[in-house]
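A short write-up of the structure that comes next.
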Amino acid sequence: MKNPVRVLFVNSEVFPYLPESTLSQLGRFLPQGIQESGKEIRSFMPRYGVINERRNQLHEVIRLSGMNIVISDIDRPLVIKVASISSARMQVYFIDNEDYFHRKFIYEDADGKFFEDNDERAIFFARGVLETVKKLRWKPDIIHCQGWISHILPLLLKELYQDDPIFTDSKVVLSLYNEHLDASFNADFKTKLINEDIKSENINILDEANGINLAKLAIRYSDGIICGEEELNPTLLDYGKELNLPTLPFVKFDTSDNNYVQEYNAFYDKILGKDEDNQ
C-alpha cells in the first residue's frame, strides 16, 4: 500500500485564531478538506500576540521547542505551541518568539505603519517551520505557502535545506494574494538572508525590498502557483507565466461546496506528476 501524500500548510492566518478573512478561512478549511480526501497534513501559522492562548487552548510542545534561530547575529529562541480544532480532527502548530510576535497588532502598529522588523519576522517564521518539520521527522511532498509572511520559505527550502533528506523531494505551491504588495521592508532585508548557501546574486530582486518583489522571489522558487484572488496583480501572474510555472486559476472558496478542495487537490497531484501516473 502506497503512503499517503503529505501536504504541509504554511499559513499567515487560520480561523478561529484570527478573525474571518479569505486567508484565515482557507487556512482553516482547506487543510481539513485535503485531509478528508486522504492526504496527510500538518498546518503552521505564527503565534501573533492577538491570539488568546487560554481561550484557544494553546500549549507549548516542549520536545519541539528549545532551539535558537540566528538572524543578524542575534540568537532568538524558537517556541512551538499547538492547538486542536476538534471538529476538524486537526492540529495547528504555532511558531512563537516573544520579541517577534507578542504584540497587540499583527503586521502594522497602531498608526498603520508596517513593523520595521517584518523582514526578520518572515525569516524567523520560515526557518521555524522548516526546523520544526525536521524535528517531527515528517517528510512533506507538497509545501503550500499562503500569505506574504510565508514568502521567504521557498527560497530557504531550495537554497538552504535542499540537501536535507526531509525536504529533498518537496515541491512548493504558492498561493498569491494582493496583500501588502506595496509594503516596504527594511533596506538590509537582503543582507540578513545572505550566507554560504544563499548568494547575493540569487536575491538581487530584494535590492528594492518591497512586497511585490518578495512575492516575485517566492514565485521564482516555487513549483506551482495558485491565484488566491479573482483579480490578482497582473505583474505576479505575468512573472509566473514568464517562468512557465503551472498555475491554478482562481477558484471560489465556499464551505458549502467542496469544489475548491477538489481543484486544489488535483493541482497538488499535477505538481507531483501523479495525474500522469493515473492516465
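Miscellaneous remarks
- Peptides 9-18, 252-261, 211-220, ordered by how many other C-beta atoms sit within 10 Å of their residues on average, highest first, read 9-18, 211-220, 252-261.
- Cross-link partners of Lys135 among aspartates and glutamates (Cα-Cα below 18 Å; sequence separation of 8 or more within a chain): Glu40, Glu60, Asp96, Asp163, Asp164, Asp169
- Karplus-based coupling profile of region 266-274, in residue order and whole Hz: 5, 5, 4, 5, 4, 4, 7, x, 7, with θ = phi - 60° in 6.51 cos²θ - 1.76 cosθ + 1.60 and x standing for Gly or Pro.
- Sum of -39500 (n - 2.57) over DSSP H runs of 4+, divided by residues of the chain (222 nm, nearest 500): -9000 deg cm²/dmol
- Other-chain or far-sequence residues with amide H under 5 Å of Ile41's (modelled H): Val7
- Between the beta carbons of Glu60 and Asn244, assuming R0 = 41 Å, the FRET efficiency works out to 0.40 to the nearest 0.05.
- Under the combined filter of DSSP loop state and at most 15 neighbouring Cβ atoms within 10 Å, region 1-89 retains these trypsin sites (Lys or Arg not before Pro): Lys2, Arg63, Arg89.
- Close amide H contacts of Asp117 (hydrogens built in the peptide plane, cut-off under 5 Å, sequence separation of 5 or more or a different chain): none are found.
- Counting only DSSP beta bridges with both residues in the chain, the antiparallel share comes to about 40 percent.
- Rounded to whole Hz, the Karplus (6.51, -1.76, 1.60) HN-Hα couplings of region 197-209, x for glycine and proline: 9, 9, 7, 4, 5, 7, 10, 4, 4, 8, 4, 10, 7
- Cross-link table Lys113/Lys241; Lys139/Lys192; Lys134/Lys216; Lys134/Lys171; Lys39/Lys171; Lys113/Lys158, entries beyond 21 Å C-alpha to C-alpha: Lys113/Lys241; Lys139/Lys192; Lys134/Lys216; Lys113/Lys158
- Across region 228-244, computed HN-Hα scalar couplings (Karplus, 6.51 cos²θ - 1.76 cosθ + 1.60, θ = phi - 60°) run x, 10, 5, 10, 6, 3, x, 4, 5, 4, 4, 5, x, 5, 4, 8, 6 Hz from first to last residue, x flagging Gly and Pro.
- Per residue Cα convex hull volume in Å³ - calculated over the chain: 139 Å³
- For Arg76, distant residues with modelled amide H under 5 Å away: Ile69, Val70, Ile71
- With a Förster radius of 25 Å applied to the C-beta separation of Asn195 and Val50, the computed FRET efficiency comes to 0.20.
Since every read-out is calculated from the coordinates, none of them should be taken as a lab result. Since the model is a prediction, treat every value here as computed from it, not as a measurement. For neighbour counting, all protein chains shown are included, and Cβ atoms are generated from backbone atoms with ideal geometry for every residue, glycine included.
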